[in-house]
Each structure stands twice: as structure tokens, then as C-alpha cells.
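The values are calculated or read from the model by the stated rules, or taken from the named source; none is laboratory data. Just so it is clear, the model here is predicted, and its values are computed rather than measured. Heads up, the Cβs are rebuilt from the backbone with ideal geometry, glycines too, and the neighbour counts pull from every protein chain shown. Heads up: the accessible areas ignore ligands, DNA and RNA and are worked out on the full protein's heavy atoms, side chains in. Shrake-Rupley method; radii C 1.70, N 1.55, O 1.52, S 1.80 Å.
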Amino acid sequence: MHLSPPPSGRRILLAAAVAAATALGATGPVAAEPSTTDTADRQQQYAAAADQYGVPQSVLLGVSYLESRWDTHPGQPSTSGGYGPMHLTDAEQVASTPSSSHVDENEDPRGDDSRPLTLDPAVAAAPSGDVLPQASLQTVDAAAALTGIPVETLRTDAAANIRGGAALLASYQKDLGGPVGADSDPAAWYGAVARYSGADTEDAAAAFADEVYDQIGQGAARTTDDGQRVTLAATAVTPDESGLHKLGLRRAERPDGLECPVRLACEWIPAPYGKYGPGAGDYGNYDLANRPAQQKIEYIIIHDTEGYFGPSVKLVQTVTYLGWHYTLRSVDGYVAQHIKAKDVGWHAGNWYVNAKSIGIEHEGFAGHGTWYTEAMYRASAKLVRHLALRFQIPLDRQHILGHDNVPGTTAGNVAGMHWDPGPYWDWSHYFDLMKAPFQGTATPHTGLVTIDPDYATNQPAFYGCNQQPPGVPKPTPPAAPCPLRGSSSVILRTAPSVDAPLVNDLGLRPNGTPDTMYISDHGARASAGQTYALAGVQGDWTAIWYLGQKAWFYNPASAPTAKWAEGFVVTPKPGKATIPVYGRAYPERAAYPAGVPYQTISPLQYKFPAGQRYAVGGVLPGEYYRAVTFDGSAPGDWTVIRGENKYVQVQFGHRVMFVNLDDVEIQPASVGAPA
């Protein structure tokens, strides 16, 4: 999706920002002072900005924590165009960021080869909409007008960025008629904090402010991405919420039956279930079902939109497009629900997974080097935890999957599967927020290892963030290096050496050549929270079984990138030299009633040889949800077809896959583990 404001946009917005700053009580731009980056630590920078602009330190620190966790992301914007620890937004600057269509060429997001879904490329392109971002997405200009600091400095200098955020908060407080001063009561700043969220609905602004005040009550202490130690002392505050209603924000529609936790800012914006042509199958953009009564929901799939929130929501409202259950906005964590959990969305590119999952889209880009806001991480974590508890979905990486962990349905479509939310999604922090942290209570003798690098310091040297062609990456110069930044991914090599080639993913490179560090080339990566069967240890290197081969990653005891785990593995039954691996767990032919076409059980191109072991993610029935007409008129429509065969979900590569239970033995991972 490509959003491009007119050349005069910044001049218009800057003039508006100056006028707004004057209206908010500023007497004119404050003379810019030299940066304090080199003369004070980050804690002192927050204290100095709070004192200069009359903001309680706890409020300034709390707001910054909810935007960025005090990280600087030097010079790199968030997925909503925010910069620095205070997330000063400059959406006009990033509006020309290249973005792909949500659906790649020849991709079938429904993932059912019995009724392929072909989308018109013109429909998949970004719909027209407002080209100028709303004021909340252009706060860097207002901060520049209030402080006199150049926009570029506000984007790139942490101390200046903090001062800009403090100036904005103070201006919002003055506009509301509240007390200003570093020693003023933090409780009186609720309205200003709510406005800082950038939300356009009252409940979203309140949800952001509530999170800030919750954080002030809990306190926090962490080391930032540039090595600065920052602390927010825990302080009990009961905020005065009266200022919220002075902001003049609309109240979101929250009808009965909305499937969101109570304190989450959530609105019903339905995807259409409607006909668009004469055929029985000419309808969009999801399927009616009766889950979980009819079929258990096993998975929650984490996506990113590869575009901005507004256009993405317009796409899901298009009857000829595809559908997912929720979309989250980056700037404030606002949630839009589009499809009820009982119904099946078309989002994961694998019909078996679609039929057993809920799809959640997050405003953002998998490979632009941008970062996801803390506000969105928190909203998403609350939503996923709520859904997982409601539908009894385990909070682990075998059931909370990225789109990049969903397998292709057949060998032919493995290469075209999506790879979002990408290597910059912070899985470890995400699970911490869900109160399901990755544990490391086992030993090397228990036979499993859970990937969990330190996100901030784990910075693989990816390239190609400036170009993201669909399908198998075929970069052409110049494929620029991506910004060095934190990542959840560890890199897998053919031998325990940094000079060894990366492992090969036959689904991406059938000729057997090594995978690459190209940003979308995920075939030689393991991601935080994924658990693999241990294949060996040599010095600072650990090997796992991965796509039919040993894959080595750097895992020194002094700075481990994984945790020892325990559980179960599968191995081929004695006498089987190799067994097939599948991308879907469909029933056998005999299970299909008369009139319902058999869905082929088609193996993928990978092999599972004897002597290898793969971590178990669960045992599943062979199932196929039959839904091919708008009104359920086809034979067997709106029913779940179940067979006698069962499957074991395994962590076979970067993506999960399935093996037939009849082909394998399940045993504790400690049995036969490498010495």
C-alpha cells in the first residue's frame, strides 16, 4: 500500500502546528539548546525535560514507557511513523515508505485448492483515502514549533526527542486548563496523557492513559536499546479522569457480543459476508461456521498489515477481498473487530489452519526496519490472552503462530507463503505481556531447546529492507543493509562456525543452495519461543533438527540465545527410512460422505529421515471444514469432516508442519537425547 501526501503537505501541517502551539498557550518557539546526549544519562534527560516544561517526571516517564519502553530506535520510525523514546510522529515523512499489497501475486489467502481464491490486483492495492495524516500522526511538527528544535533533531536525538514530548504534554495540559509544573499532582494529568495517545475515540484514549497510570503504579526499570538504565519509581496514583471528556473525542461503537476484553479499546467494523456474483461460490470475505462447538479453535495467527491501519480496514470491508478477525492500530493500540470468532476468516493461506484459527492483523511492515509500539504490543497481548483463555488455546509458540510459521498446503505453494510479522516482532516481550514467559527450567539432557535471544542485543545483519519483492527473494542491486536493530531471530548454519553457509530450505530453494540474510528469506532462521529437538552441542554452538538436517546456532553460555526445555519428540517408527511431512492435517478418503470431493493428502517436499527428532506441538484429528457456497447449499456444506487418522504437529522448520501419527513414535525428549 502506498500513501503519498502532496508536496505541500508539510508546509500546511507545520503552519497548523505553529498555530496550534500558539493556541495552546505557547508564547513562541523556545530557543533550542544544545543536545544533552553527551553530558547526561537518560534518566537525567527525562528529569531535565520534566523540569523545563513543567511535567511530573512520573507522567513523562510513564508516557514514554508506553510508547517505546524508553528505547531510542535511533532514526527509525515505528509502524505509525513515530520517532524516539517519546514517539513523536512524522507520518508524512514515512508515508512514501514502499509497501506491498496485502496479498502477493498468485497468492491464495483462503488456502483451499479445491476452490482457489484469485484476487484482482486492483482490489488488493491500497484504496484511496485521506492523504494528509491527522494531527495525532504529525506531532513532531508541533513539538518543533513548541521547542524550536529542528524536526530532524527531534527524530534522531534522544534528549531532544524527550524535550519535544515534554513540551507536547505541557501544551495539552495547558489547553485543558490543568496545573502545570514538575511538582504538580500526576493525577491531574490524565486528560493530557489521553490526548498524547493520538487516539480518535474516547475509549482508546482512556485505555492508553489507564495503561500509563497502571505503569506508574507498578514502576519499571530496564536498560534501553542504547545501554541507558532508566527507572520509574512505583507510585500509587488515582487519576482525575475529568479531563478526558474535554477532548471532544467520539465514542466508539461497542455492541453486545463484541469479543474483546473489557478494558481494551475495541470497535465493531464488520467484514462483509455477501454475494458479488451469480455463482454459489461468488461471495466474500469469510465463511460462516459454529466454532468452537463444531470445531476447536487451535491457533491464533499474528499478522502485520504491510500497510497502514486506515487502508487495511477499508480492504477488509471489501466484499471481493479477504477477511481476518481483528486489526490493531499502532499509534494507540486501538482494536477493530471484523469477524466473529465462531466464523472462519480467509487470512493464513492454509485452509486447515484458517478453519482452526483466529487471525489478528497489526498495523506495520515486516521488513522495513520499523518498530512496533508498546501500546500495540500491550493491546494485542490483552486480546490474545483473552481469546486464549476463552477458547482454551495454550499460550505457547505451538499455538500462537506468526503468519511466517503457517505451512504451505502443498509443495507448490510453500515458496509463496507470507513471512510476517517478520524478524523484528518481539516474541519474548509479547509473551511476557501475556503472562506466559518462555521458561528455561530444564537441562541439556532433557533434549529440547527453546529459542530466546536477548532481543535488544541480538542484531542479525539482514539486508533488503528497501525492497520486498513477493515470493522467493531475488534481490537486485542495490539491496541495502537493514538498520541494525533488535530481533527475535537466530541464524542457522550448516556447521558450528560463523563462516559456515546458512542451511537450505528446499521449499524456497529447490536447487539446494543456502538461504540468505535477505530480510524476507526466513528459511535459515528460528524465532523466539519456538522449541526444537536438540541435535548436538559443540563449544558455543547448539544444533537442532531443522527441515531434515542439522542446523547450528551460536549459543554461548555467557550470553545464551536459547533455553533448555523438556517435552516430547517424534521419531519415525522402526523400519521406516523416511516419512512424509504435511502442511495440513486432512482426513482419509473414506471419511468423505457421498457428494463431497476428497481433499488430497499431499506431502510437502521435505523428508523426515530415521534418526532425526522433532518437537511435538500436539496431536490433532484429521479434519476438513467443508464450506464452498454462500448459503450452505452444496453437499456436506458447513460441516466438519473427520477421519480415523490422526496427526502430530511438529516444529519442523521455521514453520510448523504435520506428520501422520501412524508413521511415528512419540517419546520423552530426554530419551535418546544427545549426550
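Within the range 151-172, work out how many residues are open to solvent by 10 Å² or more (accessible area, probe 1.4 Å), within 15 Å of Asp51 (Cβ to Cβ) and either of a type in the set (Gly, Ala, Ser) or in contact with a strand residue (DSSP E or B) (Cβ under 7 Å, 6 or more places away or on another chain) (or both). Talk me through it step by step, then tell me what you get.
First, pick out the residues of the range 151-172 that are open to solvent by 10 Å² or more (accessible area, probe 1.4 Å): 151-153, 155-158, 163, 172.
From what's left, within 15 Å of Asp51 (Cβ to Cβ): 163.
Subset that is either of a type in the set (Gly, Ala, Ser) or in contact with a strand residue (DSSP E or B) (Cβ under 7 Å, 6 or more places away or on another chain) (or both): none.
The total comes to 0.
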Please go through the range 616-675 and give me each residue that is surrounded by fewer than 21 Cβ atoms within 10 Å (Cβ to Cβ), part of a strand (DSSP E or B) and β-branched (Val, Ile, Thr), ordered by number. Val619, Thr639, Val640, Ile641, Ile666
Long-range neighbours under 6 Å by Cβ, at least six apart or interchain, first residue open to solvent by less than 10 Å² (accessible area, probe 1.4 Å) and at pLDDT 90 or above within the range 80-97, second assigned to a strand (DSSP E or B) and small (Gly, Ala, Ser): Thr89/Gly82
Show the residue pairs that are 6+ apart or on different chains and have beta-carbon atoms under 9 Å apart, the first residue being within the range 575-593 and free of Cβ contacts under 8 Å to residues at least 12 places away in the same chain, the second being open to solvent by less than 30 Å² (accessible area, probe 1.4 Å) and not in a loop (DSSP other than H, G, I, E, B). Arg589/Gly643
Being within 23 Å of Cys266 (Cβ to Cβ) and either open to solvent by 10 Å² or more (accessible area, probe 1.4 Å) or of a type outside the set (A, V, I, L, M, F, W, C) (or both) narrows it down to one residue among Asp203, Asp185, Asp175; which is it? Asp203
For residues that are modelled with pLDDT of 95 or more and aliphatic (A, V, I, L, M), scanning just the range 287-317, find the one that is surrounded by the fewest Cβ atoms within 10 Å (Cβ to Cβ). Ala293
Looking at (1) over 18 Å from Lys646 (Cβ atoms); (2) in a strand (DSSP E or B); (3) not acidic (Asp, Glu), which is the one condition that is false for Ala557? (2)
Take the conditions part of a strand (DSSP E or B), touching a residue at least 40 places away in the same chain (Cβ under 8 Å) and touching a Ser or Thr at 6+ places or on another chain (Cβ under 6 Å) and apply them to Val490. Does it pass? yes
Kindly establish whether Asn350 is open to solvent by less than 10 Å² (accessible area, probe 1.4 Å) and farther than 25 Å from Ala135 by Cα. yes
Having 3 or more residues that are at pLDDT 95 or above and more than 23 Å from Ala381 (Cα to Cα) is the bar; report the strands (runs of 3 or more DSSP E) wholly within the range 171-268 that clear it. 229-232
For Thr327, state whether it is touching a residue at least 24 places away in the same chain (Cβ under 8 Å) and touching a strand residue (DSSP E or B) at 6+ places or on another chain (Cβ under 6 Å). yes
Which numbered condition in (1) in a loop (DSSP other than H, G, I, E, B); (2) among the hydrophobic types (A, V, I, L, M, F, W, C); (3) modelled with pLDDT of 95 or more is the only one that Leu401 fails? (1)
